[in-house]
Amino acid sequence: MASLDIQGVTKSFGATRVLHGIDLAIHDGEMVVIVGASGCGKSTLLRIVAGLETSTSGAVLIDKVDVTPLEPADRDIAMVFQTYALYPHMTVFDNMAYGLKIRRVPKPEIRRRVQEAADLLSIGQLLDRKPRQLSGGQRQRVAMGRAIVREPKLFLFDEPLSNLDAKLRVQMRAEIRSLQKRLAVTSLFVTHDQVEAMTLGDRLVVMNEGRAAQIGTPMEVWSRPADTYVASFIGSPAMNMLPATLAEGGAAARLADGTVWRFTDGARPGGEGRAVILGIRPEHLMPDAAGLAVTIDLAEPLGSETVVHGRLRDGTALTARLPGGIPQEPLILAPDLAALHVFDAADGKRLDPA
Amino acid sequence: MSATIDVEALAAASRRRRMRERVLTHLALILGVVVFAMPIWITLVGSTHDTDTIGRGDVPLLPGSEAWNNYMHAWAQGGGGRNTFAVPASTMLWNSFIMAMLIAVGKIAISLLSAFAVVFFAFPLRMVFFWMIFITLMLPVEVRIIPTFQVMTSLSLIDTMTGLTLPLIASATATLLFRQFFLTIPDEYVEAAKIDGAGPLRFFKDVVLPLSATNIAALFVILFIYGWNQYLWPLLMVTNRDLETIIVGLTKMIGIGDAQNEWNLIMTTAVFALLPPVAVVVLMQRWFIKGLTETEK
Amino acid sequence: MRKKVIFRGAALPYLLLLPQMAVTLVFFFWPAGMAVWQSAQREDAFGLSTEFVWFENFSDLFHDPIYLNAAWNTVIFSTSVAALALGAALFLAVQADKQIRGSGLYKTLLIWPYAVAPALAAVLWLFIFHPSIGLVGRAFAAIGVDWDYRVNGGQAMAMVIIAAAWKQVSYNFIFFLAGLQSIPASVLEAAAIDGARPMRRFWTVVFPLLSPTAFFLLVVNLVYAFFDTFGVIHALTRGGPGNATETLIYKVYVDGVQNLNFGSSAAQSVVLMIIVIGLTAIQFRYIERRVHY
């Protein structure tokens, strides 16, 4: 078991900079999920931690030891690949045992460890099969097993669930989480799926264009997004963004149509007229006679609730999650002012009360 | 008013056409098979008669009774003709077998290694090496016979099995095939191997070789036949008849004057020469076709 | 295309390449260089001194009627072999591609001649066309044809063409069959529904789709007829009667090995190298698709 420290890691491919200095400290036994859209640099960061790629600058420390110059094999890590990378000509047993064989672990010890991991993952009856005889979920487990038998300091997961169908993905997600808790292995998990990130991580790193936009627990990230990118990336359907200006000396915001919403938690700095963006999650909009009139473009009934996609009078798109069935027009909606997010219109950063 | 369609007549015509077509197809294929098989049949039949029957020109179409004698004689003593002394077919078959095996195994071995180097490493002059191998495609032995022979003389490799096989084991085709195949090995396998702690040679042995098994088998069939069927090279390189290969040995049995040719033994030897490569093709047909279509395209 | 992921190692890749490079340098580049060097030299009659003559060997060559005759023979021989082998193979492949009983057996019976060495093919056909012992040879005599390929140059040429083409048919057959099988059935079904009869279907749909295969095979067949058929000629006619079946490749051998005329033989080798380079360059278009540099 170990801690992982990523210190000022940057990476450039030629003139293109894909990582702009990432700092991250992961405690012993913690599971951190790196989430972001494709091309944000999350896989590159993981591969730098694994040693499959070298960073342009910065250092990676495992258990306070600088492993930056070490080969992957010498870092005492295990990795689960998106494609699983199971060797097709080896049996499940041999796939799981391969890393141990290379490290010259005695045969009885190998057998014991593989058996234990197989039992843990309930793939004990599959040990003699070849990967192509397995289903997607079974392959996923073997890939996990291969990592577990190594008893490494660090688990790395590179989008391991993205090749599974939706139902299996939910199931494996839960299994990985409970397994990780049980084994208490420090883990770094990369995904583009925000639901996966929210459910799996002790903490999240939301990455955007080579930078860590926010690092925090899932609830922190959800309730206090650091900028508009994080705000719109986390949460489904995505947060509504309405342009506004500060009014009443910063204590309220005025929308384009003149509606004024007073902040419940205090005034924002910058004074009258500062351009801001108001973020409202779809679940924080409710029918209210004093609100904004919305024309409905599309209503998606989900049973207990309905997702309504509509437009304000000036054409701004607005999405709301309303309890019950399809609502009638005219629909007048108002936000829960306590759940209002305020961002600077220029740089997108969160604005907290002064 | 639409024209009435005589369904019955059309159906009958279609049936007739299909029948006719099927018969014609079979006839064409049987004709093809016969044209292909006729020379072999004549040879097989000839190998079961005595010299005089064939020499008289009473071309037999059915097997005779001399098979045992002919095959025993050719195997143990060989048929001489007038102008050369006899070499037993067993000796020539052994030589051909060794030559074909060495060429096939040698080509596969050095091509695997060089393709592995070119695909899985980055190093200075990588492309120069690759092109040097590629260019050998344009230098078949036939177009540079004499200078190659002179090189062999200066290396004292004439009349040696080394001389017979070593110059033929460089292979651009095999290297290109393996390179092509190695490029399809997913990057993740290499990464998984690195994390598992396998170095390049370990990865080669444990992952690349097993994955290449069918390609190696396919290529082996093609290259074994290539080696077995060598003609000009052994003709030049071998003067010592102990090293005679069966294809060259066979043609040497046919004298120019040909009145005294021991046709029965020549035909028997031809059957010997034919059998191993044909057996390889027929028994390993699937791999053979794979090897052929993948190396050459 | 290039793999992203590679191993580290400074000396290892060179060690791995060493065997291939050693064989290539010693047995390919050195002799090829020598051929070029010798092609510009001439030995005196006693082999005592050599003289640097620039391109004289080449100009002599192109004024030598025997050489020009060999070149012409090569053209006749190669085009005939290619046409015969391609035509027969295409016909048989189309038949074997049909859904008939026993097609697997037919295929097996049609591909085995690939395994027969060209020289051996020549010997097998000799057994058939030999004027005194051959089945067909004697049949010709019986019906009054004056058949003896050992005396008649035209007949000798026909013999070597048949033997050389016969052996190559199975190779072409395999490729044509693979090409035919890769044509999607839906395309043929669409043509059938459009009302095209089989023959028309073949020439308007199948053949155009096969033409890349056919072109590739044409080049391969020409290369085969140029270089790999030495054994056929050597075993059957030794270039004779006269020089009737002497091709370029056979002449290199005769001048170098029998006449010991190294300068001329080397010049001929250089000419042949240029031909191979030309043919390979044409073929390159097709290799290019599979080999990405």
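The values are calculated or read from the model by the stated rules, or taken from the named source; none is laboratory data. The model shown is predicted, which means the values in this text are computed figures rather than measured ones. So basically every Cβ, Gly included, is an ideal-geometry build from the backbone, and we count neighbours across all protein chains shown.
The numbered conditions (1) more than 8 Å from every other protein chain (Cβ to nearest Cβ); (2) in contact with a Phe, Trp or Tyr (Cβ under 7 Å, 6 or more places away or on another chain); (3) of a type in the set (Ser, Thr, Tyr) are all true for B:Thr148 except (1). Considering only the range A:102-136, state which residues are within 30 Å of the chain's Cα centre (by Cα) and within 14 Å of another protein chain (Cβ to nearest Cβ). Within the range A:102-136, just A:Pro131 meets the criteria. Looking across the range A:261-285 at every residue that is among the aliphatic types (A, V, I, L, M) and at pLDDT 90 or above, the one that is surrounded by the fewest Cβ atoms within 10 Å (Cβ to Cβ) is identified as A:Ala275. Of all the numbered requirements in (1) surrounded by 19 or more Cβ atoms within 10 Å (Cβ to Cβ); (2) under 28 Å from the mean Cα position of the chain (by Cα); (3) of a type outside the set (Asp, Glu), B:Pro88 misses one, and that requirement is (1).
Okay, residues lined up against (1) farther than 24 Å from B:Pro140 by Cα; (2) surrounded by fewer than 18 Cβ atoms within 10 Å (Cβ to Cβ); (3) of a type outside the set (Lys, Arg):
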| residue | (1), (2), (3) |
| --- | --- |
| B:Ile222 | no, no, yes |
| B:Gly227 | no, no, yes |
| B:Trp233 | no, no, yes |
| B:Ile246 | no, no, yes |
| B:Gly249 | no, no, yes |
| B:Ile254 | yes, no, yes |
| B:Ile266 | yes, no, yes |
| B:Val271 | yes, no, yes |
| B:Leu283 | yes, yes, yes |
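Would you mention how many residues in the range A:64-98 are assigned to a strand (DSSP E or B) and acidic (Asp, Glu)?
Of the residues in the range A:64-98, 1 are assigned to a strand (DSSP E or B) and acidic (Asp, Glu).
For the range A:150-160, the condition holds for no residue, the condition being that it is surrounded by fewer than 22 Cβ atoms within 10 Å (Cβ to Cβ), at pLDDT below 90 and touching a helix residue (DSSP H, G or I) at 6+ places or on another chain (Cβ under 6 Å).
Could you check the range A:189-225 and list, in sequence order, the residues that are under 11 Å from the mean Cα position of the chain (by Cα) and in a strand (DSSP E or B)? Selection gives A:Phe189, A:Val190, A:Thr191, A:Arg203, A:Leu204, A:Val205, A:Val206, A:Met207, A:Gln214, A:Ile215, A:Gly216. Checking the structure you have, find out if any residue of the range B:77-84 is within 8 Å of chain C (Cβ to nearest Cβ), over 22 Å from the mean Cα position of the chain (by Cα), surrounded by fewer than 20 Cβ atoms within 10 Å (Cβ to Cβ) and more than 27 Å from B:Val221 (Cα to Cα). No, the range B:77-84 contains no residue that is within 8 Å of chain C (Cβ to nearest Cβ), over 22 Å from the mean Cα position of the chain (by Cα), surrounded by fewer than 20 Cβ atoms within 10 Å (Cβ to Cβ) and more than 27 Å from B:Val221 (Cα to Cα).
Look through C:Leu86, C:Leu110, C:Leu92 and report the one residue that is more than 13 Å from chain B (Cβ to nearest Cβ) and under 27 Å from B:Leu27 (Cβ atoms). So that I can check it myself, show each step before the final result.
Values: C:Leu110 fails: more than 13 Å from chain B (Cβ to nearest Cβ); C:Leu92 fails: more than 13 Å from chain B (Cβ to nearest Cβ).
Going through C:Leu86, C:Leu110, C:Leu92 in turn, the sole match is C:Leu86.
Listed residues A:Lys42, A:Lys11; which is within 26 Å of A:Arg146 (Cβ to Cβ), under 25 Å from the mean Cα position of the chain (by Cα) and surrounded by 22 or more Cβ atoms within 10 Å (Cβ to Cβ)? Unique residue meeting the criteria: A:Lys42. With respect to C:Trp54, determine if the residue is at pLDDT below 85, closer than 27 Å to B:Ile169 by Cβ and more than 7 Å from chain B (Cβ to nearest Cβ). Considered against the rule, which asks whether it is at pLDDT below 85, closer than 27 Å to B:Ile169 by Cβ and more than 7 Å from chain B (Cβ to nearest Cβ), C:Trp54 comes out as no. A count restricted to the range C:175-197 and to residues that are farther than 17 Å from C:Lys107 by Cβ and surrounded by 15 or more Cβ atoms within 10 Å (Cβ to Cβ) stands at 3. Output the qualifying pairs, or none if there are none: Cβ atoms under 8 angstrom, residues six or more apart or on different chains, first residue in the range C:33-46 and hydrophobic (A, V, I, L, M, F, W, C), second residue assigned to a strand (DSSP E or B) and modelled with pLDDT under 80. Pairs found: C:Ala40/C:Phe52. Has the range A:160-178 got at least one residue that is within 18 Å of A:Pro88 (Cα to Cα), part of a helix (DSSP H, G or I) and in the same structural domain as A:Val92 (by TED's automatic domain parsing)? Scanning the range A:160-178 turns up no residue that is within 18 Å of A:Pro88 (Cα to Cα), part of a helix (DSSP H, G or I) and in the same structural domain as A:Val92 (by TED's automatic domain parsing). Among the residues making up the range A:95-144, those that are of a type outside the set (A, V, I, L, M) and under 21 Å from A:Asp158 (Cβ atoms) are A:Asn95, A:Tyr98, A:Gly99, A:Pro131, A:Ser135, A:Gly136, A:Gly137, A:Gln138, A:Arg139, A:Gln140, A:Arg141.
So that you can scan it fast, the table gives a plain yes or no per residue for (1) modelled with pLDDT of 85 or more; (2) of a type outside the set (Val, Ile, Thr); (3) surrounded by fewer than 18 Cβ atoms within 10 Å (Cβ to Cβ):
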{"residue": "C:Ile6", "(1), (2), (3)": "no, no, yes"}
{"residue": "C:Tyr14", "(1), (2), (3)": "yes, yes, yes"}
{"residue": "C:Leu25", "(1), (2), (3)": "yes, yes, yes"}
{"residue": "C:Asp60", "(1), (2), (3)": "no, yes, yes"}
{"residue": "C:Asn73", "(1), (2), (3)": "yes, yes, no"}
{"residue": "C:Leu86", "(1), (2), (3)": "yes, yes, no"}
{"residue": "C:Gln99", "(1), (2), (3)": "no, yes, yes"}
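All told, B:Leu250 meets the bar of being of a type in the set (A, V, I, L, M), over 30 Å from A:Met90 (Cβ atoms), at pLDDT below 90 and not assigned by TED's automatic domain parsing to the domain that holds B:Gly55. Looking across the range B:35-71 at every residue that is in a loop (DSSP other than H, G, I, E, B) and facing chain C (nearest Cβ under 7 Å), the one that is nearest to C:Leu110 (Cα to Cα) is identified as B:Val59.
Going by the structure shown, is B:Asp196 modelled with pLDDT of 90 or more and within 14 Å of chain A (Cβ to nearest Cβ)? Can you show your working first?
Numbers: modelled with pLDDT of 90 or more: no; within 14 Å of chain A (Cβ to nearest Cβ): yes.
No, not satisfied.
The set of residues in the range A:69-101 that are acidic (Asp, Glu) and closer than 13 Å to B:Asp206 by Cβ contains only A:Asp94. Filtered by the rule that a residue be surrounded by fewer than 24 Cβ atoms within 10 Å (Cβ to Cβ) and in contact with a helix residue (DSSP H, G or I) (Cβ under 6 Å, 6 or more places away or on another chain), the range C:101-110 gives C:Ser103, C:Tyr106, C:Lys107, C:Leu109. Per the listing B:Ala192, B:Ala218, the residue uniquely free of Cβ contacts under 8 Å to residues at least 12 places away in the same chain and either assigned by TED's automatic domain parsing to the domain that holds B:Leu157 or within 30 Å of B:Gly79 (Cβ to Cβ) (or both) is B:Ala192. Looking across the range B:127-145, the residues that are more than 7 Å from every other protein chain (Cβ to nearest Cβ), more than 19 Å from C:Gln258 (Cβ to Cβ) and buried (at least 16 other Cβ atoms within 10 Å of the Cβ) come down to B:Phe130, B:Phe134, B:Ile135.
Among the residues of the range A:23-39, those that are over 18 Å from A:Val221 (Cα atoms) and either of a type in the set (D, E, K, R) or crowded, with 16+ Cβ neighbours inside 10 Å (or both) comprise A:Asp28, A:Gly29.
Every residue in the range C:235-268 that is under 19 Å from C:Phe55 (Cβ atoms), more than 9 Å from every other protein chain (Cβ to nearest Cβ) and among the hydroxyl-bearing types (Ser, Thr, Tyr), please. Matches in the range C:235-268: C:Ser264 only. Residues satisfying the criterion are present in the range B:235-255 (criterion: in contact (Cβ under 8 Å) with a residue 24 or more places away in the chain, of a type in the set (Ser, Thr, Tyr) and in a loop (DSSP other than H, G, I, E, B)).
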